[in-house]
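> Attaching a single structure in structure tokens format; questions to follow.
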Amino acid sequence: MQGINGHGPKTAILYARVSSDDQVRGYSLDQQIGTLRGWAAREGYEVLEEIRDEGWSAAYLERPGLDRVRDMVEAGGVGMVLAQDADRITRDPGHRAFLDDDFERFGTRLVALDDWGDDSHEGELLKFLKGWVSKGERLKIAERSRRGRREKALRGETVGHLTAPLGFAYTPDKKALVVVPERMAHAERIFEMAAEGRALLHIKKALERNGVPTARGKQTWSLGTLHTILRNDVYRSRDIEELRAILPPGAMTKLDPEKRYGVWWYGRQRHHQKQTVEFGADGQKRYRRGSRTEDLPREQWVAIPVPDCSIPPHVVDAARTARYEYRQPATTGYVWQLSGGVMRCGGCGHAMSGVSSVANKDGTRRRYYRCHHRARNGKHTCPNGNLYRTNKIEPEVWEKVSGLLKNPERLLIGIERMIEERRAALRGAPTREHEHWRADMEKIERMRGGYLDQQAEGLISMSELKAKLARLDERRETAERELGKLARQQESIAELERDAAALAERFRFEAREGLDLYTPEDIHDAYRALGINAIAHPDGNVELTGSVFLGDIHSDSVRSQPIERSQRPLSTDAMRPLFTVTPPPESR
Ligand SMILES: [Zn+2]
């Protein structure tokens, strides 16, 4: 089959892209792909692959999806790369010209449905011009939209975010919020639990147990999200007098003096984004997206009134007060910060468990961590007879860990170093392995050809041929399986990088918003999220190790299990000491 201008196969790659700003405007990948599928079907093109770049700006040519497109084009057999609009591919005319030329070498046409279409000089020129104009426009648009958002805020209109706060939804014109009562009930429950003095971890677990989705529809709640909700003034309704003091004059006129309103703050922060590409020593591309958040001064904030969420203000206030009062839950007993496998015995590898002394006359108890395995199975099973007083070891560990978290740059360096190590561990051998299996695949194909020739020349019988081909098929399956395994190893690194980015973002937030407010449960949760382990060595030293990975670990399943590679959130070579604390333990 031939392409539209008479050359090349009738095959197409569909390419769609949204930047983070596009997502705000509701320009979706699915809509683009839908349009492209329709076009390809009408024109009789076979779709080879649908490739999406989500959250990538057109200002850079180096994007994971577009790189995949270019790799496929280079491999050959692609008649056309199709995008909905020229600016989905690039806004830079130089980039566009480069891609057009590059693709032409492989017999591939790059087509946007809004292109002027033909290969005439006029068409080329228009295409170039269009891209050039949009490059200059881009900067103006960015500035215009920032100014526009601020003006909207000053008029009291809700400024579009990706997601409305929990319990709210946007009106279709995105200018205002409305309350969604059944979702607001979830928000109210969060405030009630916090007002009862529940730790964020408790609230998180309760929500997840009951299958309550976040505002973004996720099933997992982070402590950071809960903290943000509790602080968000959209849930703290105010009467008209309270509002008069903070609203811009223009926004007051539209309000009903009989009603109460929440407040959405606009312009507290400004986010700057950048994206870069680097080549690692392995020749693999590394995409980095950095962002920097700038806190803006109070006088630049703009208050936007939103409908009353009808959560009683005293509940909201109580929830916030409770959060800021450090207190230990009286009803649930002591919270063992290092339980659940956080503290492990360096003598035998089992989890350390907590033990309390009998209460003194004044009701106080002494609490210790000790090797659970030794306590249960006898002194001969583990050389570590140390006891660690909770009131010493818990604050020391938290001081070290929170000190690390308060320095997000250092944390980021640690994360990057860890990823580097993982990559290095995979680098040398897999490349060799990869080459080996690829060579094997080629060899198999050559042998297949040879056997077929032999049979054609009557040198071997048909049944001999069948047997030989069957053996070759087995070999090929093995090679394919091994190649697949190598590909998955690369994927696992990509996954790790994604998780690391999310983790870094979350802790950058939490370091700012007050690690000092963490309850013992929050602390325990942080250790688990970070994969922090306190290893209690028989010589009395306590060594902290940490991997940075937000894994889903369950405390009961790891309790008193020996350390095994499979139970680690990451492989053990990624677990390296972050630092060592040396409390002289009290020995038996
Ligand atoms: Zn032990």
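The values are calculated or read from the model by the stated rules, or taken from the named source; none is laboratory data. All figures in this text were calculated on a predicted structure; none of them were measured in a lab. As a convention, Cβ positions derive from the backbone with ideal geometry for all residues, glycine included, and neighbour counts pool all protein chains shown.
> Hey, could you check segment 158-208 for residues that are β-branched (Val, Ile, Thr) and within 17 Å of His227 (Cβ to Cβ) and say which is surrounded by the most Cβ atoms within 10 Å (Cβ to Cβ)?
Once the filter is applied, the top-ranked residue is Ile190.
> Can you find, within segment 365-391, the residue that is farthest from the ligand (Cβ to nearest atom) among those that are part of a loop (DSSP other than H, G, I, E, B) and closer than 18 Å to Gln337 by Cβ?
By that ranking, first place goes to Arg365.
> A follow-up question, please. As an exercise: evaluate Leu459 against (1) modelled with pLDDT under 80; (2) outside any helix (DSSP H, G or I) and give the number of the one condition it does not meet.
In the conditions (1) modelled with pLDDT under 80; (2) outside any helix (DSSP H, G or I), Leu459 misses (1) alone.
> Looking at Lys218, is it under 24 Å from Leu166 (Cα atoms) and either modelled with pLDDT of 85 or more or outside any helix (DSSP H, G or I) (or both)?
yes
> Got a number for residues in segment 233-259 being among the aliphatic types (A, V, I, L, M) and surrounded by fewer than 15 Cβ atoms within 10 Å (Cβ to Cβ)?
The qualifying residues number 2.
> Among the residues of segment 525-539, how many are under 22 Å from the mean Cα position of the chain (by Cα) and either modelled with pLDDT of 80 or more or not in a loop (DSSP other than H, G, I, E, B) (or both)?
The qualifying residues number 7.
> Return yes or no: is Gly65 in the same structural domain as Leu113 (by TED's automatic domain parsing), modelled with pLDDT under 85, of a type in the set (Gly, Ala, Ser) and under 23 Å from the mean Cα position of the chain (by Cα)?
For Gly65, the condition - in the same structural domain as Leu113 (by TED's automatic domain parsing), modelled with pLDDT under 85, of a type in the set (Gly, Ala, Ser) and under 23 Å from the mean Cα position of the chain (by Cα) - is not met.
> Please go through segment 51-80 and pick out each residue that is closer than 19 Å to Asp30 by Cβ and of a type in the set (Val, Ile, Thr).
Correct list: Ile51, Val69.
> Could you check how many residues of segment 331-364 are part of a loop (DSSP other than H, G, I, E, B), in contact (Cβ under 8 Å) with a residue 24 or more places away in the chain and away from the ligand (no atom under 12 Å from the Cβ)?
9
> Just to be sure, is Val401 modelled with pLDDT of 85 or more, part of a helix (DSSP H, G or I), closer than 22 Å to Met343 by Cβ and within 29 Å of the chain's Cα centre (by Cα)?
For Val401, the condition - modelled with pLDDT of 85 or more, part of a helix (DSSP H, G or I), closer than 22 Å to Met343 by Cβ and within 29 Å of the chain's Cα centre (by Cα) - is not met.
> Count, please, the residues in segment 221-255 that happen to be modelled with pLDDT under 90 and part of a loop (DSSP other than H, G, I, E, B).
Qualifying residue count, segment 221-255: 10.
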